[in-house]
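Participant: Quick one: this structure, given as structure tokens, is what I'll be asking you about.
The values are calculated or read from the model by the stated rules, or taken from the named source; none is laboratory data. The structure displayed is predicted, hence computed values, not measured ones. Backbone-built Cβ (ideal geometry, glycine too); neighbour counts: all protein chains shown. Note: areas computed on protein heavy atoms with side chains; ligands, DNA, RNA excluded. Shrake-Rupley method; radii C 1.70, N 1.55, O 1.52, S 1.80 Å.
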Amino acid sequence: MAYICICNSITDKDLKEAEAQGARTHDEVFAHFGTAPQCGCCIDTMCDKMGCSCACDSRAKAA
């Protein structure tokens with residue numbers, strides 16, 4: 001088990017769970033867990049693992 005988002009304690013296993021429940025973007029993953037990006041450091045990794053390309057827009061929201 002590896003942490004994807006330390007601020008919100010989201011692991012790679014959690015990410016797979018959210019995807020299995022229909023999450024297709026990092027914003028949907030955060031919504032699945034009732035959280036939001038904090039520092040934004042996880043967004044690129046999360047997007048890479050999910051295959052989405054929406055990191056640029058959300059990094060500004062997290063800052």
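Participant: Which residues, taken from the range 24-38, are under 13 Å from Met50 (Cβ atoms) and in contact (Cβ under 8 Å) with a residue 12 or more places away in the chain?
Facilitator: Hits for the range 24-38 are Arg24, Thr25, His26, Asp27, Val29, Phe30, His32.
Participant: Now a separate question. Anything in the range 28-63 that is part of a loop (DSSP other than H, G, I, E, B) and at pLDDT 90 or above? List them, or say none.
Facilitator: Residues satisfying the conditions are Phe33, Gly34, Thr35, Ala36, Pro37, Gln38, Cys39, Gly40, Cys41, Cys42.
Participant: Only residues in the range 1-17 that are hydroxyl-bearing (Ser, Thr, Tyr) count as the first member; pair them with residues that are open to solvent by 90 Å² or more (accessible area, probe 1.4 Å) and at pLDDT below 95, Cβ under 8 angstrom, at least 6 apart or cross-chain, and list the lot.
Facilitator: These pairs meet every condition: Thr11/Met1.
Participant: From the set of residues in the range 1-27 that are more than 8 Å from the chain's Cα centre (by Cα) and part of a helix (DSSP H, G or I), which is surrounded by the fewest Cβ atoms within 10 Å (Cβ to Cβ)?
Facilitator: Only one residue fits best here, namely Ala20.
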